[in-house]
Amino acid sequence: MAEKVLVTGGGGYIGSHCVVELIEAGYEPIVVDNFSNAVRGNNLIREGDVPESIRRIEKLLDTNIEFHELDLLDKPGLENVFKKHTFCAVMHFAGLKAVGESVEQSLRYYRVNLTASLNLLEVMQAHRVHNLVFSSSATVYGDPQRLPIDEQHPVGGCTNPYGKTKFFIEEMIKDHCKAEKDWNAVLLRYFNPIGAHCSGQIGEDPQGIPNNLLPYVAQVAIGRRKCLSVFGNDYDTLDGTGVRDYIHVVDLAKGHIAALKKLKDACGCKVYNLGTGRGYSVLQMVKAMEKASGREIAYKVAPRREGDIASCYADPQCVRTANLQRLKIQKHCCPLMLAII
């Protein structure tokens, strides 16, 4: 019988790609999502609302996925899911995730992200589920003291509330693993996920105005939006625009499967960067999209966005030496990345 993994936020961009990889690796994902970052799908085939991403995965892989519409702030509802299943592990993606928005709505970010994670940890403890893969972020490093960023880089000097919530959640998990010796957790610090599944059936298509660069650029390319705002062109970078480490979302998802395997080694609490080790500027990404799409990307320079930093890219050596997984972006490359590499 397949081992069951609870996937919180499994209807969203990264969560849905991890659901695909879980199924293909022989696990049974049980998905919960509150639709804050997921699109409601066509429910003519089955009763109840199901994220469009989950509906497409079911069709793509010819399978059925158990889904619960649930907000992790609803602790009794979460308890009911744990009473119904015996989970080998939890993958925790659910949470608010926009840097700029977190600056404007800091209390909302603290309430949602921290309370949801605390509820999850307490319910896991009550039901003796002691294995966790946490979706963290490179924002925990703040404004880097050195580049590339390895896992020994100081954390906590975050430049925005979103990053602070990720840092605080990491601290909660670390402290709990110290107190409970039978707990194992892998904290995965993402850099900048991009791309889509090779089927083209799932990808990043955010509701409302995109907070991330690539979906915004793509929407300009297809004419959905007129112009890209480039927030700042006076950073200390090669062309004055922000530099980031862009990792393909399928590589990121495969890293989560490797993390599940790491948990089985009774690893305690481990931290890994998930990035490529290479940084690209906003304008480099714009030019790459123009080359890949054959369309001009209109943009205008806007003031710097509060909470942003100049450059951020990973040193992924720890992942490689730990045998967690050597991520090869070329393997799952989209045309955009091929235009850069």
**OP:** Could you tell me how many degrees, from 0 to 90 and to the nearest 10, lie between the Cα long axis of helix 13-24 and the main elongation axis, the longest principal axis, of the Cα atoms of the chain?
**Re:** 50 degrees
**OP:** Can you tell me the FRET efficiency between Cys227 and Met172 if r is taken as the Cβ-Cβ distance and R0 is 35 Å, rounded to the nearest 0.05?
**Re:** 0.30
Subject >> Centroid-to-centroid separation of the stretch 138-189 and the stretch 19-92 [C-alpha atoms, Å] >> reply: 27 Å
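Arrange the residues Ile14, Ile57 by how much accessible surface each exposes, largest first, with a 1.4 angstrom probe. Present the calculation step by step, with values, prior to reporting the outcome.
On the way: Ile14 35, Ile57 0 Å².
Reading off the accessible areas and sorting them downward yields Ile14, Ile57.
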Subject >> Area of Asp265 that stays accessible when all protein chains are in place (1.4 Å probe, Å², to 10) >> reply: 110 Å²
Subject >> Positive-pole candidate from Thr241, Ala98, Ile169, dipole of the chain, charges at beta carbon >> reply: Thr241
Original post:
Where the accessible area of the chain is counted over protein heavy atoms with a 1.4 Å probe, how much of it, in %, is carbon and sulfur?
Top reply: 47 percent
Original post:
Using θ = phi - 60° and the Karplus form 6.51 cos²θ - 1.76 cosθ + 1.60, what ³J(HN,Hα) does each residue of the stretch 231-237 get, whole Hz, x for Gly and Pro?
Top reply: 7, x, 10, 10, 6, 7, 9
Original post:
Using a Gaussian network for the chain with springs between C-alpha atoms less than 10 Å apart, which of these wobbles most: Ala221, Ala258, Ala179?
Top reply: Ala179
Original post:
the stretch 194-279: which trypsin sites (Lys or Arg not before Pro) are DSSP loop and have at most 12 other beta-carbon atoms within 10 angstrom?
Top reply: Arg224, Lys226, Lys264
**OP:** Could you tell me which of Val129, Cys18, Leu6 has its Cα farthest along the dipole of the stretch 1-153 towards the positive end, charges placed at Cβ (Lys, Arg +1; Asp, Glu -1), taken about the Cα centre?
**Re:** Val129
**OP:** Using R₀ = 56 Å, calculate the FRET efficiency as 1/(1 + (r/R₀)^6) where r is the Cβ-Cβ separation of Asn80 and Asp143; round to 0.05.
**Re:** 0.85
**OP:** Would you kindly state how much longer the chain becomes between Ser36 and Ala266 on full extension, computed as 0.36 nm times their sequence separation minus their alpha carbon distance, in nm to one decimal?
**Re:** 79.4 nm
**OP:** Mind checking which of Ile65, Gly279, Cys88 is farthest towards the positive end of the chain's charge dipole, using Cβ charges of +1 (Lys, Arg) and -1 (Asp, Glu) about the Cα centre?
**Re:** Gly279
Original post:
Anyone know which of Lys97, Lys83, Lys178 comes out most mobile in the 10 Å Cα GNM of the chain?
Top reply: Lys83
**OP:** Report, to the nearest 10°, how far helix 249-263 tilts away from the longest principal axis of the Cα atoms in the chain, using its own Cα long axis and a range of 0 to 90°.
**Re:** 30 degrees
**OP:** Quote the charge dipole size of the chain about the Cα centre in Debye, to the nearest 20; the model charges only the Cβ of Lys and Arg (+1) and of Asp and Glu (-1).
**Re:** 480 debye
**OP:** Using only protein heavy atoms and a 1.4 Å probe, report how much of Cys312 is accessible, in Å² to the nearest 10.
**Re:** 10 Å²
**OP:** Using the Cα centre as the reference, give the magnitude of the dipole from point charges on the C-beta atoms of the stretch 119-181 (Lys, Arg: +1; Asp, Glu: -1; all else neutral), rounded to the nearest 20 debye.
**Re:** 100 debye
**OP:** Taking 7 Å along the Cα-to-C-beta vector as the label spot, tell me the Leu60-Arg108 distance in nanometres, rounded to one decimal.
**Re:** 2.9 nm
Original post:
If you line up the long axis of helix 52-61 against the longest principal axis of the chain, both from Cα atoms, how many degrees apart are they, to the nearest 10?
Top reply: 70 degrees
Subject >> Val301-Ala25 pseudo-label distance in nm [points 7 Å out on the Cα-to-Cβ vector] >> reply: 4.4 nm
Original post:
Just the accessible area for Arg108, please: 1.4 Å probe, Å², rounded to the nearest 10?
Top reply: 90 Å²
Original post:
Under the definition of Cα pairs under 8 Å and six or more residues apart, what whole-number percent is the relative contact order of the chain?
Top reply: 18 percent
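The values are calculated or read from the model by the stated rules, or taken from the named source; none is laboratory data. Quantities reported herein were computed from a predicted structural model and do not represent experimental measurements. Cβ coordinates were reconstructed from backbone atoms using ideal geometry, including for glycine residues, and neighbour counts include every protein chain displayed. For the accessible areas, the whole protein counts, side chains as well, though only heavy atoms, and no ligand, DNA or RNA atoms are used. Shrake-Rupley method; radii C 1.70, N 1.55, O 1.52, S 1.80 Å.
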